[in-house]
Amino acid sequence: MMESLLAQEGVERPTLQRAILSCVVPPAANALEYLFRFGWMLPYLVVSPGVKTGLAVRAEAREVGADRIVNAVAASCLYGGDLIIIDFGTATTFCAVTHRREYLGGAIAPGIGIALESLYEKTAKLPRIDVEVAERCIGRNTVEAMHAGIFFGYIGLGREIVKRMKEEFSLKARVVGTGGWGIFLEKHCDFIDIFNPVLTLEGLRIIHELNEP
């Protein structure tokens with residue numbers, strides 16, 4: 001699968017020199033480490049406590065997911081200042097980082113995909129739906145009501161958490177968005193100042209450069 005993904009981007013595997021991995025799913029991380037070490041025999045770095053990031057982590061370091069640290073590194077290096085980073089991924093995460101590159105912590109909510117699957121799996125009659133832009137908040141049928149709840153609900157979730165985080169640490173903080181679901185939502189979120197769909201990849205590049213032998 002990895003070779004197929006690389007081929008789609010025109011990258012030949014023999015040209016790879018090093019790898020860097022950020023993963024919060026242990027089985028996937030184990031498989032990738034096995035691939036890099038024994039399959040491709042590539043030197044690789046796993047983002048974990050002890051790796052240089054340029055951040056001062058003021059939260060409990062071992063409790064902070066690697067993906068959140070990687071996003072914070074990228075946003076701090078690329079944009080500077082006080083920042084709130086929203087990642088609309090499997091989980092919806094919010095992180096606060098100061099202009100001194102101090103990672104303060106954040107908030108975690110279920111991602112849109114998780115919410116949709118829960119509605120389908122945990123209820124008797126609600127169907128499985130795709131995410132769509134809702135035209136109205138008062139749905140006239142079940143599907144319209146679900147679209148309204150997910151679409152307006154996640155915009156409201158983002159706006160409220162951003163508001164409270166700004167009140168807690170910096171009213172002038174800029175908001176940086178990323179994540180797969182963010183590509184769908186960001187144009188409807190007036191509280192997002194910058195959207196970077198490859199923020200995590202930028203962070204991995206920066207951390208790799210900081211840790212080059």
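The values are calculated or read from the model by the stated rules, or taken from the named source; none is laboratory data. Quantities reported herein were computed from a predicted structural model and do not represent experimental measurements. As a convention, Cβ positions derive from the backbone with ideal geometry for all residues, glycine included, and neighbour counts pool all protein chains shown.
Key figures for this structure:
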| quantity | calculated |
| --- | --- |
| Candidates GLU132, GLU167, GLU160, filtered to the one that is in contact (Cβ under 8 Å) with a residue 12 or more places away in the chain, among the acidic types (Asp, Glu) and out of contact with any Lys or Arg (no Cβ under 8 Å at 6 or more places or on another chain) | GLU132 |
| Pair list, Cβ < 9 Å and 6+ apart or interchain, from segment 45-62 residues that are at positive phi to residues that are of a type outside the set (Asp, Glu) | GLY54/VAL73; GLY54/SER76; GLY54/CYS77; GLY54/ARG101; GLY54/ILE206; GLY54/ILE207; GLY54/LEU210 |
| Residue match in segment 72-79 (condition: modelled with pLDDT of 95 or more and either of a type in the set (Phe, Trp, Tyr) or assigned to a strand (DSSP E or B) (or both)) | yes |
| Flag if GLY39 is surrounded by fewer than 18 Cβ atoms within 10 Å (Cβ to Cβ) and at positive phi | no |
| Matching residues in segment 1-53 - criterion: being assigned to a loop (DSSP other than H, G, I, E, B), within 17 Å of VAL70 (Cα to Cα) and touching a Phe, Trp or Tyr at 6+ places or on another chain (Cβ under 7 Å) | none |
| Residue that is surrounded by 11 or more Cβ atoms within 10 Å (Cβ to Cβ), among the acidic types (Asp, Glu), in contact with a strand residue (DSSP E or B) (Cβ under 9 Å, 6 or more places away or on another chain) and more than 16 Å from GLU102 (Cα to Cα), where the choices are GLU33, GLU3 | GLU33 |
| Elements of type helices (runs of 4 or more DSSP H) contained in segment 85-199, each with 1 or more residues being modelled with pLDDT of 95 or more and at positive phi | none |
| Flag for TYR120 being farther than 27 Å from GLY80 by Cβ and exposed (fewer than 15 other Cβ atoms within 10 Å of the Cβ) | yes |
